[in-house]
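Data block below; observations after.
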Amino acid sequence: MIVAAELSNQSKPQYAQVAVPVHLKKLFTYRLPSSMQDAARVGSRVMVKLGTKPTAGYIVALLAQLRAGTSLIESEIKDVEELLDVEPPLTPEVLEITRWVADYYAAPWGEVMRAALPAGINAAVEQNISISEKGRQLLRSAFSVMTEEPARVRALRLLAEEGEFEINAFCLRLGSKRKPKWLSELEDEGLVERSYRRSIATRAKKHRLVRLIATDAQSAKTKAQQRIVETLSAHDGIMPAAELSRKAETSDSVIATLARNGVVETFEEDVRRDPLARAVLPETEDLKLTAAQAAALKVIGGRIKAKVFAPILLHGVTGSGKTEIYIRAMRSALQMGRGAMMLVPEIALTPILSRRLRAHFGEQIAIFHSSLSKGERFDEWSRLRSGEAQLVLGTRSAVFAPVNHLGVIIVDEEQDASYRQEESPYYHARDTAIVRAQKERAVVVLGSATPSLESFHNAKSGKYDYLQLPDRVGKRPLARAELVDMREVFARRKKPIVFADELLTAIAETHARGEQSIILLNRRGYSSFILCRSCGESIECPNCDVTLTYHRADQTLVCHYCNHRQRAPSACPACGSKYIYYVGEGTEQVEELLRKRFPQLRIGRIDRDTKSRRHEFEKTLLDFGKGDLDLLVGTQMLAKGHDFHNVTLVGVVSVDAGLALPDFRAAERTFQLITQVAGRAGRGELPGRVLIQTYHPGHYALRHATAQDYQGFYDEEIRHRRNHGYPPFVSLALLLVRHKDAARALRTAQHLRNSLNQANKDLSCRILGPAPAPFARLRGESRIQLLIKSRSRKQMRAVIDEAMTNFETAGGDVRSVTVEIDPVSMM
Ligand code: ADP
Ligand code: ZN
Ligand code: ZN
């Protein structure tokens, strides 16, 4: 790997090694023109040509000379075209952690660096099109114009009259969404030219201010000028130009005249786009810590002070006051002159939490998550980069935030699957946070009411410190979860129903008491498994301990890990019942049913569809918090983190869909879900109730969850993991092959399997598959997967690297393969 500083002090850098955000693992070397040699910094962005295409890249090393033994030929090295930064946006710490991510997760470094910067700061490359001299000549010749295709002439005229266009805008202007074929022909014939230009997507927003400098009576000569001077005086002698001319009812030219006469001066200033500019902040209370909180905080504070890497698992039941500990841990980092980072899994958690933290920390905290506008994102990021803010609250990508002197990283709900990015670069923000803390000698606090099996295992084996908050603040009782046995409901009613009477009655009663309810669906859209409505069994793979998936086309059940296949039975193999069914209702249908049944209730809905509309999503949550809604229907994201004091009923419509997912973590996820759901109810003074509808009330995850027995669940689950070879006992990698053509996808997967077999000479890995992925066809592509298990992560990485290299050399289709190290969702 590359060492960042290879320069002695005297010699100027002649070359830059550049990582580009494309799907290439390689680094590229470019020559630095002498004009850039002084200013170039590691971590700065540059424009370079990749082939003939201009691309923005990141400098990862500066070289005084080409490395000995390099295969590069001096004359073939291209110049850096442009240096985009004076101050490198990537700090050495961020550069370092992105490099680790690239190495560990087998991702291109440039892609990781791009993910590390706010969307707005990455330079995009615009393609522009303009008419050439030859094109103009054509237009001047009447004969050519007559004999040409009218569309071509119209396009050339447009370019001649209006000048250069961005290519997509040009196509739209021509009334076509796609690029017409003849446009490339015009280009080939040299009638139009294409050029590339860098577009800076976002920069600091400026506004112009006017300041009064001469105040004597003669300075203003006209009425308008007088009004300006008066208005300014009334505003402490300084105000934005736009506001000034509006208030003084004058034009901008009056200000200009006054500026020329030395009466006022104008200057520009950055305006901050603050995501919480108009938010109402809650009161901050000075709470007296409980004994358990104080003890936990003492350990965390001590570790921060010691300036050593310290991973800590904070295991606290819901409502035990973890957030209060997070806030104080960040405060103590600040007091020691260090920065802090708090990661949360979902944007659902940020509207309320960000207000709470802003109330505590004011301008010292930057809010950093994916649903901010580009401008807001850029500004919040800049405040951190400049050191104006020392704290950050954010979702996954905030793990790359440029926090200086990092003292503590908090990962709330550490078990949450959304810490894993489900597209390239695939990284896990929790695991990245741990490594970042290690590199920067910081403390990392993993907080959860239901730690992941992996983290709890690490705590038990002494790898992590373990801190526990066993009780809710004020000894409020935890809500008890009750199971509603849908097998009985089915036997009574003789048809599948969505809501059991118990749940409907509970909703009505809750409303009658003036309290609120939450109704959860476990997951949407995935229903191809078989479940017996009489006994609740689903059918599992004999080898892999995961549910088999039903393939309607050939009526078979398939294992997505090992490709085991068997015929779909017509009766339940466990009890002989004929009532075997698929499960799954969407949130919309459930909302619909509830509205019909309870027309008097004010009902809101939250799911992936509403999530993309940020404001609606935020508003629904805030309305519910204020009591403007009686009932909220949603997917599992509703189960997390919220602190609604008036919610006393939570109903889970179908927990079985989640239990039966073909994922070895299905039981763990379900256990976590129920524990969290129970944590949503009864957070205020009122006791809460949780009703879970299931066809499988005997399942160990449900049994332990309703008994609120984490340890009991852990002991049982860890046995399964050990017996069947799953994390934390083995490392996993998931290789996914995607292609439009199903046969081609299968061939590629088989080729990949052969390459893996060859690389796996010492048999350090177990290779499963090719098998169809759980979503065997998605967005028009066939998906086939291979699963790799190994006791040694290092050897597993070596096998994958060697296999991928051989696969590529042998002409394998690398572009259709994605490699996921430590996959979180097996879906
Ligand atoms: P968690 O994050 O563990 O679920 P929270 O931090 O949200 O729990 O705390 C639950 C509730 O208890 C919140 O309303 C919070 O304001 C309150 N709380 C936390 N610590 C204390 C304390 N020491 N004294 C009184 N109330 C507290
Ligand atoms: Zn059965
Ligand atoms: Zn299997």
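The values are calculated or read from the model by the stated rules, or taken from the named source; none is laboratory data. It should be emphasised that the depicted structure is a prediction, and the values quoted were computed from it without experimental measurement. As a convention, Cβ positions derive from the backbone with ideal geometry for all residues, glycine included, and neighbour counts pool all protein chains shown. Ligands, DNA and RNA are stripped out before the accessible areas are found, and what is left, the full protein with its side chains, is counted by its heavy atoms. Shrake-Rupley method; radii C 1.70, N 1.55, O 1.52, S 1.80 Å.
Some observations on this one:
- Among (1) within 16 Å of ligand 3 (Cβ to nearest atom); (2) modelled with pLDDT of 80 or more - the single one T549 does not satisfy: (2)
Here is a yes/no grid of residues against (1) touching a Ser or Thr at 6+ places or on another chain (Cβ under 9 Å); (2) open to solvent by 10 Å² or more (accessible area, probe 1.4 Å):
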site: F671; (1), (2): yes, no
site: L686; (1), (2): yes, yes
site: L691; (1), (2): no, no
site: Y700; (1), (2): no, yes
site: E716; (1), (2): no, yes
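- Which numbered condition H564 misses (of (1) more than 16 Å from ligand 3 (Cβ to nearest atom); (2) modelled with pLDDT of 85 or more): (1)
- Residue within region 597-606 that is more than 16 Å from ligand 2 (Cβ to nearest atom) and modelled with pLDDT under 80 present: no
Rundown of residues vs (1) at pLDDT below 95; (2) under 23 Å from Q676 (Cβ atoms); (3) open to solvent by less than 20 Å² (accessible area, probe 1.4 Å), yes/no style:
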| site | (1), (2), (3) |
| --- | --- |
| D286 | yes, no, no |
| L289 | yes, no, no |
| Q293 | no, yes, yes |
| L297 | no, no, no |
| K305 | no, no, no |
| A310 | no, no, yes |
| L313 | no, yes, yes |
| V317 | yes, yes, no |
| T323 | yes, yes, no |
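- Here is the figure for region 163-212: residues that are part of a strand (DSSP E or B), open to solvent by 60 Å² or more (accessible area, probe 1.4 Å) and modelled with pLDDT under 85 total 7.
- Qualifying residue in region 25-38 (condition: of a type in the set (S, T, N, Q), without any contact (Cβ under 8 Å) to a residue 40 or more places away in the chain and open to solvent by less than 30 Å² (accessible area, probe 1.4 Å)): yes
- All conditions in (1) in contact (Cβ under 8 Å) with a residue 24 or more places away in the chain; (2) under 30 Å from S382 (Cα atoms); (3) open to solvent by 40 Å² or more (accessible area, probe 1.4 Å) hold for E243, with the sole exception of (1).
- Residue count for region 252-305, restricted to those that are farther than 30 Å from M336 by Cβ and of a type in the set (V, I, T): 8
- Within region 431-487, the set of residues being farther than 30 Å from T694 by Cα, modelled with pLDDT of 95 or more, of a type in the set (A, V, I, L, M, F, W, C) and in a helix (DSSP H, G or I) comprises A433, I434, V435, A437, A459.
- So G447, is it open to solvent by 30 Å² or more (accessible area, probe 1.4 Å) and of a type outside the set (K, R): no
- The combined condition, being of a type outside the set (S, T, Y) and touching a helix residue (DSSP H, G or I) at 6+ places or on another chain (Cβ under 7 Å), is fulfilled by D465.
- The condition of being over 21 Å from A500 (Cα atoms), in a helix (DSSP H, G or I) and either at pLDDT below 85 or among the polar types (S, T, N, Q) (or both) does not hold for G684.
- Scanning region 543-581 for residues being open to solvent by 50 Å² or more (accessible area, probe 1.4 Å), outside any strand (DSSP E or B) and within 16 Å of ligand 2 (Cβ to nearest atom) gives a total of 6.
- Scoring R747 on the criteria (1) among the basic types (K, R); (2) surrounded by 15 or more Cβ atoms within 10 Å (Cβ to Cβ); (3) under 29 Å from T432 (Cβ atoms) leaves a single failure, condition (3).
- Candidates in region 465-505 are the residues that are exposed (fewer than 12 other Cβ atoms within 10 Å of the Cβ) and within 16 Å of ligand 1 (Cβ to nearest atom); of these, the one that is farthest from L594 (Cα to Cα) is P470.
- Candidates are the residues of region 406-430 that are in contact with a Phe, Trp or Tyr (Cβ under 8 Å, 6 or more places away or on another chain) and either among the basic types (K, R) or farther than 19 Å from L391 by Cα (or both); the one that is surrounded by the most Cβ atoms within 10 Å (Cβ to Cβ) is Y427.
- Residue match in region 137-150 (condition: at pLDDT below 85, open to solvent by 30 Å² or more (accessible area, probe 1.4 Å), at positive phi and not charged (D, E, K, R)): no
- Any hit, region 345-356, residues being open to solvent by 20 Å² or more (accessible area, probe 1.4 Å) and not in a helix (DSSP H, G or I): no
- In region 371-398, residue most open to solvent (accessible area, probe 1.4 Å) [restricted to those that are part of a loop (DSSP other than H, G, I, E, B) and over 19 Å from R436 (Cβ atoms)]: E388
- Figure legend. Inter-residue proximity from region 286-299: first residues under 16 Å from V408 (Cβ atoms) and touching a residue at least 24 places away in the same chain (Cβ under 8 Å), second residues within 16 Å of ligand 3 (Cβ to nearest atom) and open to solvent by 50 Å² or more (accessible area, probe 1.4 Å), beta-carbon distance below 7 Å, spacing 6+ or different chains. No pairs are indicated.
- Pairs linking a residue in region 318-329 that is near ligand 1 (Cβ under 6 Å from one of its atoms) to a residue that is of a type in the set (K, R) and open to solvent by less than 20 Å² (accessible area, probe 1.4 Å), with Cβ atoms under 6 Å and 6 or more positions apart or on different chains, are G319/R472; S320/R472.
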